[in-house]
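Here, each number is a calculation from the coordinates, and none is a lab measurement. Everything numeric in this text was worked out from a predicted model, so none of it was measured. Cβ placement follows ideal geometry from the backbone for every residue including glycine, while neighbour counts extend to all protein chains displayed.
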Amino acid sequence: MLKHIVMMRFKSTEPHEKLQQMQKLKQLLKNLKSAIEELDFLEVGLNLSKRPNAFDLVLVTHFKSEKELELYRVHPEHVKILNYLHEVISETVVVDYLVDFIDQPFMRTFQSP
């Protein structure tokens with residue numbers, strides 16, 4: 001499994017406008033789950049922290065492989081959201097990584113004998 005995580009910081013500093021933009025983006029992202037079959041899992045979280053270095057929104061997605069991630073990246077519905085991001089987002093941080101459950105101690109407990 002491949003995890004794709006994106007953290008985003010919004011341009012707006014006006015609380016009401018920023019919240020509206022965050023809620024709009026959250027819904028747009030959640031709609032991708034039904035539009036893109038390569039997307040196995042999608043979670044969107046809005047930040048609760050008041051720390052100045054905190055990002056505003058996080059997107060966590062799962063894919064079977066890099067091939068499915070690439071299909072997601074170029075999907076027309078995803079591209080539409082990218083266009084919106086350019087309007088409202090000032091900064092993003094992205095990480096993509098392969099998950100190896102065998103090496104994670106908590107998963108060993110749940111493996112079949």
Taking the Cβ of H4 as the center, what net charge do the other residues with Cβ under 15 Å away carry, scoring Lys and Arg +1 and Asp and Glu -1?
-2
So how strong a dipole does the range 2-97 carry about its Cα centre when Lys and Arg Cβ are +1 and Asp and Glu Cβ are -1, to the nearest 20 debye?
340
Helical contribution to [θ] at 222 nm, DSSP H n ≥ 4, -39,500 (n - 2.57), averaged over the chain, rounded to 500:
-13000 deg cm²/dmol
Rg and Dmax of the range 2-97, Cα atoms only, in Å:
13.2, 39
Would you work out which of V60, S12, V74 lies farthest towards the positive end of the dipole of the chain? Charges go on Cβ: Lys and Arg +1, Asp and Glu -1.
S12
Kindly write out, for the range 37-48 in residue order, the coupling ³J(HN,Hα) from the Karplus curve 6.51 cos²θ - 1.76 cosθ + 1.60 (θ = phi - 60°), rounded to whole Hz, with x marking Gly and Pro.
5, 6, 7, 7, 8, 9, 9, 10, x, 9, 5, 9
Long-range HN-HN contacts of F55 with modeled amide H, under 5 Å:
none
Using Cβ counts within 10 Å as a stand-in for footprinting exposure, how do R51, R73 rank, fewest first?
R51, R73
Quick one: in the range 1-49, what % of C-alpha pairs are over 17 Å apart?
42
Summing +1 per Lys or Arg and -1 per Asp or Glu among the other residues with Cβ less than 11 Å from E91's Cβ gives +1
Read phi for every residue in the range 18-27 and hand back ³J(HN,Hα) as whole Hz from Karplus 6.51 cos²θ - 1.76 cosθ + 1.60, θ = phi - 60°, with x for Gly and Pro.
4, 4, 4, 5, 5, 5, 5, 5, 4, 5
With a cut-off of 8 Å between alpha carbons and a minimum separation of six or more residues, what is the relative contact order of the chain in percent?
43
In this structure, among K11/K64; K30/K50; K33/K64, pairs with alpha-carbon gaps over 26 Å are K11/K64
